[in-house]
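Here the structure comes first, spelled out in structure tokens, and everything after it is commentary.
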Amino acid sequence: MILTVAHTKGGVGKTTISIQLATYLKAIKKVDKLLLIDGDPQRSTLDAISERNSNDKYPPINCAQYLTGKELVGQLKSQRDTWQQIIIDIGARDNNALRAALMYSDALLIPVQPRGFDLQALRDLHIVMDDAWSLDAHFKAFAFLSMADSQGSSNAESQEYLSNYEDITFLDAPIVRRKAFASTSLAGISVFEESPKDPKACKEMENLVSQLYS
Ligand SMILES: Nc1ncnc2c1ncn2[C@@H]1O[C@H](COP(=O)(O)OP(=O)(O)OP(=O)(O)O)[C@@H](O)[C@H]1O
Ligand SMILES: [Mg+2]
């Protein structure tokens, strides 16, 4: 499966969740043929995975940076049968790389912060998604709450707002704002690989993965 993690809005948690998904699949699900693609010139994903791979303690993850639409299309065409799972972390811009990734993806995962401006910003991404579908892209779109509150009404209100998008499946699997997500992602490791583990963060990841890869 080719999964693109994207949002045209910056700072919503795309890189964090891309790293958490890839490291979960590697460490917990033991997926051998896994490729994580950094499609963002900021190279945060690549840097984090380099940090991981420099430590013998963790199973290494294949990570490559492809930045242009042309390069991404070429690499996806030639490599898609090599890997069981491909995860693409795309930068926060409507550019050719995002559009190319969508054309080849089976799934799009959209991290949405439960805040008004963030929810409104989905309009811009949705235009890009519609363009891709009109060109016969086949991906299914999923959204989840990223950096969600651990309590309060924002999560439920956001879910209600997201239900207006009938072509986006809402995953009831909020990833709460937790130190463990920020610190482990920076080191390129899963919340499951940290010691001691944050059990709440682990449970949230398990829930997200089971809904996304069901
Ligand atoms: N669940 C979380 N809990 C705590 N901090 C988080 C969480 N998710 C993301 N962050 C923090 O929020 C900031 C933005 O996250 P991240 O870099 O993953 O977003 P992004 O969408 O990839 O940003 P960009 O658009 O710049 O690529 C980072 O400092 C990250 O550590
Ligand atoms: Mg990022």
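I'm trying to understand the selection: among the residues of the range 88-111, which are within 15 Å of ligand 2 (Cβ to nearest atom) and aliphatic (A, V, I, L, M)?
Scanning the range 88-111 gives Ile88, Ile90, Ala92, Ala97, Leu98, Ala101, Leu109, Ile110.
Name the single residue, out of those in the range 4-46 being among the basic types (Lys, Arg) and within 12 Å of ligand 1 (Cβ to nearest atom), that is least open to solvent (accessible area, probe 1.4 Å).
Of everything passing the filter in the range 4-46, Lys14 is least open to solvent (accessible area, probe 1.4 Å).
Any chance you could count how many residues in the range 144-198 are polar (S, T, N, Q), open to solvent by less than 10 Å² (accessible area, probe 1.4 Å), free of Cβ contacts under 8 Å to residues at least 60 places away in the same chain and assigned to a loop (DSSP other than H, G, I, E, B)?
0
So which residues in the range 41-67 are within 16 Å of ligand 2 (Cβ to nearest atom) and among the charged types (D, E, K, R)? Working first, answer last.
Taking the range 41-67 first, the residues within 16 Å of ligand 2 (Cβ to nearest atom) are 41-51, 63-67.
Scanning the range 41-67 gives Arg43, Asp47, Glu51.
Tell me which residues, restricted to the range 101-120, are within 18 Å of Gln65 (Cβ to Cβ), assigned to a helix (DSSP H, G or I) and either over 16 Å from the mean Cα position of the chain (by Cα) or not aliphatic (A, V, I, L, M) (or both).
Filtering the range 101-120 down to residues within 18 Å of Gln65 (Cβ to Cβ) leaves 101, 104-105.
Remaining after also requiring assigned to a helix (DSSP H, G or I): 101, 104.
Matches in the range 101-120: Tyr104 only.
Got at least one residue in the range 65-74 being surrounded by fewer than 24 Cβ atoms within 10 Å (Cβ to Cβ), at pLDDT 95 or above and in a strand (DSSP E or B)?
yes
Got at least one residue in the range 84-103 being open to solvent by 30 Å² or more (accessible area, probe 1.4 Å), without any contact (Cβ under 8 Å) to a residue 24 or more places away in the chain and either more than 27 Å from Asn155 (Cα to Cα) or not aliphatic (A, V, I, L, M) (or both)?
no
Would you check which residues across the range 129-154 are over 18 Å from Ile17 (Cα atoms) and modelled with pLDDT under 95 and list them?
Gln151, Gly152, Ser153, Ser154
Which condition from (1) without any contact (Cβ under 8 Å) to a residue 12 or more places away in the chain; (2) within 25 Å of Asn96 (Cβ to Cβ) is the one that Val5 breaks?
Val5 satisfies all of (1) without any contact (Cβ under 8 Å) to a residue 12 or more places away in the chain; (2) within 25 Å of Asn96 (Cβ to Cβ) except (1).
The values are calculated or read from the model by the stated rules, or taken from the named source; none is laboratory data. Note that the structure is a prediction, hence the values are computed from the model and not measured. As a convention, Cβ positions derive from the backbone with ideal geometry for all residues, glycine included, and neighbour counts pool all protein chains shown. Please note that ligands, DNA and RNA were not included when accessible areas were found on the heavy atoms of the full protein model with its side chains. Shrake-Rupley method; radii C 1.70, N 1.55, O 1.52, S 1.80 Å.
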